[in-house]
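Please read the structure below before turning to the comments.
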Amino acid sequence: MKIGIVLGTRPEIIKLSPIIRELGELKNNSTKDIDYFLIHTNQHYSKYLDEIFFKELNLPKPKYNLNVGSASQGKQTGKMLEGVEEVLINERPEMVIVQGDTNSTLAGALASSKLKIKVVHIEAGLRSYDRSMPEEINRVLTDHISDYLFPPTENAKENLIREGIKKNIFVVGNTIVDATLQNIKIVESKKEIIEDILKVIPENKEYFLLTLHRAENTDNKERLNNIINGILKISEYYNIPIIFPIHPRTLKKLREYNLLNKLGSDKNIKTIEPTGYFKFLILEKNAKLIITDSGGVQEEACILKTPCITLRENTERPETLEVGSNMLVKVEDVESIIGAVDSMMNRSRDWINPFGDGNSGETIVNILLEKYKN
Ligand code: UD1
Ligand code: UDP
């Protein structure tokens, strides 16, 4: 069986790594006839959003790199669609695996589906029910053209069923648990990485970790300004360092809206470049609190037992709210941000991770092999 894997962004590389590793082992060690190849759209191309993850996660070099890079939504997706189609016509795999909700996900799924190649969607069924998010459009469309759907939770499966998708749905947990648990173990034995990241972490380990990149938060000047004001209030109220690895989209917008100086004038805000996965896991694990609008970071905070505040009005990860590891806050309402921070910091970290036991990659590959036999 030949399997194509389409990926393009930081979270896809991380969340597909357990599946790629599993397929790699089967290809090398088993008598089964398994082959796979990677198509990288290069939606992410900066070293710290791309190459560093292949290196740290020990992933093979993609067989194809489409070099699409950044562009408007339609242009970027269109270029990917064209590139993926060309590869698939030559390679003719039996299945194509896509993950998550990015433009690379949708392009990979659409190109495959039109060529009548089976589409496998990892992390299917997530819904924010907010169609203003490009990710929500990508999720819904990808789910509806997928042949095998792997929702992480029962809740995500229910979302699919409500939309009339009924066949070949397998609840398997989220591969982010595999990635987090495997890599936190690796990094804890890497002295040089720990020493390096400790240079950023205060000695008493009292700090908050902030990430921000969602289009709806960054691409509107007033909203981004409100978020920055909220962060500055938190810094003033708690007088605690806030470590902020800045996503390039956010850096560009902060510059464009003249907001970078405002952040820079606060001695508590420590802006740094985005870090590799190893360092980021250490930052997450040791933080007093994580403030984010990222999907994957909400999940990792829950897995690593660090309380999380999400700067959004909705989340497609409601399980984190249900178990109590995460809270949504309205960025316009500074009082409510402070209230949320207080309540999350005072809560005990005894929640149970709802995203599985860390064997999702293996389970998914076994199900696909079984399906292929039939
Ligand atoms: C994309 C995904 C988002 C995901 C995020 C992960 C879509 C619609 N969005 O958002 O769901 O959460 O990846 O981080 O697919 N840039 C660089 N270097 C890069 C890549 C981007 O500098 O390697 C800058 C460019 O200025 C670019 C901007 O970031 O215009 C946005 O990049 P883009 O790929 O469009 O979306 P992300 O915000 O990264
Ligand atoms: N991440 C990282 N370095 C950083 C910030 C994030 O390695 O500086 C990782 C993080 O551990 C998580 C993933 O990137 O696994 C989340 O990606 P992102 O927030 O870009 O996208 P989303 O999950 O929102 O789609």
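From the list 331, 365, pick out the single residue that is in a loop (DSSP other than H, G, I, E, B), among the aliphatic types (A, V, I, L, M) and either farther than 28 Å from residue 237 by Cβ or under 22 Å from the mean Cα position of the chain (by Cα) (or both). Steps first, answer last, please.
Working: 365 fails: in a loop (DSSP other than H, G, I, E, B).
The unique qualifying residue is 331.
Taking the condition open to solvent by 50 Å² or more (accessible area, probe 1.4 Å) and not small (Gly, Ala, Ser), does residue 51 pass? Working first, answer last.
Values: open to solvent by 50 Å² or more (accessible area, probe 1.4 Å): yes; not small (Gly, Ala, Ser): yes.
So residue 51 passes the test.
Filter the range 46-99 for residues that are in contact (Cβ under 8 Å) with a residue 60 or more places away in the chain and away from ligand 2 (no atom under 16 Å from the Cβ) and give the result.
68, 80, 84, 87, 88, 91, 92, 93, 94, 95, 96, 97
One line per residue, one yes/no per condition, for (1) open to solvent by 10 Å² or more (accessible area, probe 1.4 Å); (2) aliphatic (A, V, I, L, M):
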position	(1), (2)
129	yes, no
133	no, yes
137	yes, yes
141	yes, yes
146	yes, no
164	yes, no
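If the requirement is being modelled with pLDDT of 95 or more, touching a strand residue (DSSP E or B) at 6+ places or on another chain (Cβ under 8 Å) and not aromatic (Phe, Trp, Tyr), which of these qualifies: 270, 252? Please lay out each step first, then the result.
Details: 252 fails: touching a strand residue (DSSP E or B) at 6+ places or on another chain (Cβ under 8 Å).
None of the other options fit; the residue is 270.
Only one of 142, 105 is touching a strand residue (DSSP E or B) at 6+ places or on another chain (Cβ under 8 Å), touching a residue at least 12 places away in the same chain (Cβ under 8 Å) and within 11 Å of ligand 1 (Cβ to nearest atom); which? I'd like the intermediate steps shown before the answer.
On the way: 142 fails: within 11 Å of ligand 1 (Cβ to nearest atom).
Selected residue: 105, the only one of 142, 105 that is touching a strand residue (DSSP E or B) at 6+ places or on another chain (Cβ under 8 Å), touching a residue at least 12 places away in the same chain (Cβ under 8 Å) and within 11 Å of ligand 1 (Cβ to nearest atom).
Among the residues of the range 1-20, is any over 14 Å from residue 97 (Cα atoms), in contact with a His (Cβ under 8 Å, 6 or more places away or on another chain), surrounded by 18 or more Cβ atoms within 10 Å (Cβ to Cβ) and charged (D, E, K, R)?
yes
Between a first residue in the range 2-13 that is more than 8 Å from ligand 1 (Cβ to nearest atom) and of a type in the set (Lys, Arg) and a second residue that is open to solvent by 10 Å² or more (accessible area, probe 1.4 Å) and assigned to a strand (DSSP E or B), which pairs have beta carbons less than 6 Å apart while being 6 or more apart in sequence or on different chains?
These pairs meet every condition: 2/35.
With a cut-off of at least 3 residues that are touching a helix residue (DSSP H, G or I) at 6+ places or on another chain (Cβ under 9 Å), open to solvent by 50 Å² or more (accessible area, probe 1.4 Å) and within 16 Å of ligand 1 (Cβ to nearest atom), name the helices (runs of 4 or more DSSP H) lying wholly within the range 173-273. So that I can check it myself, show each step before the final result.
Details: elements: 175-187, 191-198, 215-218, 221-238, 248-256, 260-264.
Answer list for the range 173-273: 248-256.
Name the single residue that is nearest to the chain's Cα centre (by Cα) among those in the range 289-304 being within 7 Å of ligand 2 (Cβ to nearest atom) and in a helix (DSSP H, G or I).
By that ranking, first place goes to 296.
Pick from 46, 112, 70: which is within 30 Å of residue 164 (Cβ to Cβ) and either surrounded by 15 or more Cβ atoms within 10 Å (Cβ to Cβ) or at pLDDT 95 or above (or both)?
Only one candidate passes the filter, namely 112.
Could you say whether any residue in the range 352-360 is among the charged types (D, E, K, R) and under 30 Å from residue 96 (Cα atoms)?
Scanning the range 352-360 turns up at least one residue that is among the charged types (D, E, K, R) and under 30 Å from residue 96 (Cα atoms).
For a quick check of your reading of the model, give me the residue pairs whose first member lies in the range 180-207 and is on the phi > 0 side of the Ramachandran plot, whose second is open to solvent by less than 80 Å² (accessible area, probe 1.4 Å) and not in a loop (DSSP other than H, G, I, E, B), with beta-carbon atoms closer than 9 Å and at least 6 apart or on different chains.
From the range 180-207, the pairs are 205/286.
From the residues in the range 206-246 that are among the basic types (Lys, Arg) and away from ligand 2 (no atom under 16 Å from the Cβ), which one is farthest from residue 333 (Cα to Cα)?
221
The values are calculated or read from the model by the stated rules, or taken from the named source; none is laboratory data. As the structure is a computational prediction, the values presented were derived from the model and not from experiment. Cβ sites come from the backbone with ideal geometry, for glycine too, and all protein chains shown count toward neighbours. Note: areas computed on protein heavy atoms with side chains; ligands, DNA, RNA excluded. Shrake-Rupley method; radii C 1.70, N 1.55, O 1.52, S 1.80 Å.
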